[in-house]
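Below is one structure, written out as structure tokens; comments come after it.
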Amino acid sequence: MKDVKNYTLKDLKELLQKQGFSNFSAQQVFDWIYRKNVESFDSMSNLSKEIRGFLKENFCFSKVKLSKQEVSVDGTKKFLFTLEDESSIETVVIPKKDRNTLCLSTQVGCKFNCSFCLSGQSGFKRNLKVSEIINQYLEAGKLIAPESITNIVFMGIGEPLDNFVNLIKSIQVLTETKGINFSKRRISISTCGLIPEIEKLIDLKLGVKLSISLHSVDSKKRTKLMPINRRYPLEELIKAARSFSRKEKHLITFEYALLRGYNTSKQDAQALARILRGMRYKVNLISLNCLDAGYKSPDQAELDSFRKELKRAGVFFTLRESRGSDINAACGQLRASGLNK
Ligand code: SAH
């Protein structure tokens with residue numbers, strides 16, 4: 001049986017209409033699930049007996065099960081959820097001032113094997129369903145209540161654009177005005193750089209933000225960090241990014257993990273400035289969340305000198321502190337620590 005949370009409002013309307021039910025009933029179902037937090041068709045009292053019967057026979061409510069929870073000294077909360085096929089995924093909530101940013105996973109494992117990231121190390125298993133993405137939002141929301149989620153980043157395990165159809169549908173469910181009504185401008189997708197899907201995103205005009213994991217603007221070095229750079233080379237990726245930032249109103253973000261002695265020289269800063277010139281962007285510097293992959297994060301002197309060079313070269317950047325490092329909060333770390341046991 002399929003989880004009813006796999007359906008966008010449009011899909012559910014079409015499906016119910018085909019069965020001869022009114023258009024409006026889909027809207028009522030959305031209202032029950034996403035506004036009244038009801039998880040049983042029997043409780044949907046304003047629906048006819050026939051519709052309730054049809055829904056009960058054909059759909060279910062699936063759940064993600066919390067199997068582990070860690071809280072960092074900085075307040076970052078990391079949840080390990082078990083899915084119905086016993087796969088596990090991570091969901092993180094990062095509090096900051098008046099914000100709670102939810103970091104969602106989109107796949108079990110990852111195909112892209114970035115050398116500094118743990119997510120791909122145990123291989124790729126499968127795409128997450130729309131309902132599994134939505135369930136992370138709903139469960140994390142319950143777990144942090146009375147606080148609420150204010151921002152969403154698709155930056156957990158997996159490559160969101162490699163699960164394109166379900167990613168888009170889950171964004172449609174999250175932003176549905178008749179349901180959760182989450183603001184598009186507070187949703188961001190992070191990608192390792194899948195150009196055809198970035199182009200599809202541009203065509204869809206969803207109004208969500210985009211982050212591109214860049215990490216180096218030297219083609220050879222980027223390929224070493226991110227093998228995807230062979231298939232979708234840097235120059236082409238930057239072209240796609242320019243096109244995204246031209247068509248969407250908000251700036252595009254480039255993620256740049258700092259790797260000691262690898263991507264933090266004066267030349268790196270100047271090359272970054274050159275390649276991004278004329279674009280509406282922000283570079284997000286992240287200190288590498290250390291793991292045993294041969295890379296280290298820079299010391300303070302190296303960091304200070306790189307920042308100085310970036311300023312001098314005219315690069316617009318912010319430094320994102322690495323959050324939750326005491327609880328394995330970097331991509332795939334909690335899941336990997338569970339898998340190793
Ligand atoms: N596949 C997507 C989203 C998941 S990774 C992407 O590549 O963007 C989310 C971000 O965390 C990416 O920018 C990724 O490069 C970064 N990341 C992964 N492992 C990291 C680590 N050990 N330290 C710092 N950043 C890391």
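The values are calculated or read from the model by the stated rules, or taken from the named source; none is laboratory data. Quick caveat, the model's predicted, so the values are computed rather than measured. Quick reminder, even Gly has a Cβ in these numbers, built from the backbone with ideal geometry, and neighbours come from all protein chains shown.
Taking the residues in the range 308-321 that are surrounded by fewer than 17 Cβ atoms within 10 Å (Cβ to Cβ), at pLDDT 95 or above and more than 20 Å from Ile212 (Cβ to Cβ) as candidates, determine which candidate is nearest to the chain's Cα centre (by Cα).
Lys311
In the range 75-82, is there at least one residue being touching a Ser or Thr at 6+ places or on another chain (Cβ under 6 Å) and under 28 Å from His215 (Cα atoms)?
For the range 75-82, residues touching a Ser or Thr at 6+ places or on another chain (Cβ under 6 Å) and under 28 Å from His215 (Cα atoms): present.
Can you give me the ranges of the strands (runs of 3 or more DSSP E) entirely in the range 35-151 with at least 2 residues that are away from the ligand (no atom under 16 Å from the Cβ), among the polar types (S, T, N, Q) and in contact with a Phe, Trp or Tyr (Cβ under 6 Å, 6 or more places away or on another chain)?
Numbers: elements: 65-71, 77-82, 88-96, 99-103, 107-109, 124-127.
Strands (runs of 3 or more DSSP E) meeting the threshold: none at all.
If I ask for residues that are charged (D, E, K, R) and not in a helix (DSSP H, G or I), which ones from the range 1-34 would you list?
Passing the criteria: Lys2, Asp3.
Which residue out of Ile133, Ile89 is without any contact (Cβ under 8 Å) to a residue 40 or more places away in the chain and among the aliphatic types (A, V, I, L, M)?
Checking each option against the conditions leaves just Ile133.
Tally the residues that are in a helix (DSSP H, G or I), free of Cβ contacts under 8 Å to residues at least 40 places away in the same chain and more than 11 Å from the chain's Cα centre (by Cα), restricting the search to the range 156-178. Can you show your working first?
In the first step, residues of the range 156-178 are kept if they are in a helix (DSSP H, G or I); the result is 160-175.
So of that shortlist, the ones also free of Cβ contacts under 8 Å to residues at least 40 places away in the same chain come out as 164-165, 168, 171, 175.
Cutting the leftovers down to more than 11 Å from the chain's Cα centre (by Cα) gives us 164-165, 168, 175.
Of the residues in that region, 4 qualify.
Six or more apart or on different chains, Cβ atoms under 9 Å: show the pairs whose first residue is in the range 53-70 and among the aliphatic types (A, V, I, L, M) and whose second is exposed (fewer than 15 other Cβ atoms within 10 Å of the Cβ).
From the range 53-70, the pairs are Val64/Glu84; Leu66/Leu143.
Just checking, which of Ala269, Ala257, Ala241 is surrounded by 16 or more Cβ atoms within 10 Å (Cβ to Cβ) and away from the ligand (no atom under 16 Å from the Cβ)?
Testing whether each residue is surrounded by 16 or more Cβ atoms within 10 Å (Cβ to Cβ) and away from the ligand (no atom under 16 Å from the Cβ) leaves just Ala269.
For (1) within 15 Å of the ligand (Cβ to nearest atom); (2) modelled with pLDDT under 95; (3) of a type in the set (Ser, Thr, Tyr), each residue gets a yes or a no:
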residue	(1), (2), (3)
Leu276	no, no, no
Ser287	yes, yes, yes
Asp292	yes, yes, no
Lys296	yes, yes, no
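Specify the residue that is nearest to Ala26 (Cα to Cα); the eligible residues are those in the range 40-76 that are in contact with a strand residue (DSSP E or B) (Cβ under 9 Å, 6 or more places away or on another chain) and surrounded by fewer than 15 Cβ atoms within 10 Å (Cβ to Cβ).
Asn58
Only one residue in Ser119, Ser105 is closer than 23 Å to Leu174 by Cα and crowded, with 21+ Cβ neighbours inside 10 Å. Which one?
Of Ser119, Ser105, the one residue that is closer than 23 Å to Leu174 by Cα and crowded, with 21+ Cβ neighbours inside 10 Å is Ser105.
Within the range 329-340, can one find any residue that is among the polar types (S, T, N, Q), at pLDDT 65 or above and in a helix (DSSP H, G or I)?
From the range 329-340, those among the polar types (S, T, N, Q) are 333, 337, 340; that's our starting set.
Next, from what is left, pick out any that are at pLDDT 65 or above: none.
No, the range 329-340 contains no residue that is among the polar types (S, T, N, Q), at pLDDT 65 or above and in a helix (DSSP H, G or I).
Among (1) touching a helix residue (DSSP H, G or I) at 6+ places or on another chain (Cβ under 6 Å); (2) modelled with pLDDT of 95 or more, there is one condition Lys247 misses while meeting the rest; what is its number?
(2)
Looking at Lys205 and the list (1) at pLDDT below 95; (2) over 30 Å from Trp32 (Cα atoms), which single condition is not satisfied?
Going through (1) at pLDDT below 95; (2) over 30 Å from Trp32 (Cα atoms) one by one, Lys205 breaks only (2).
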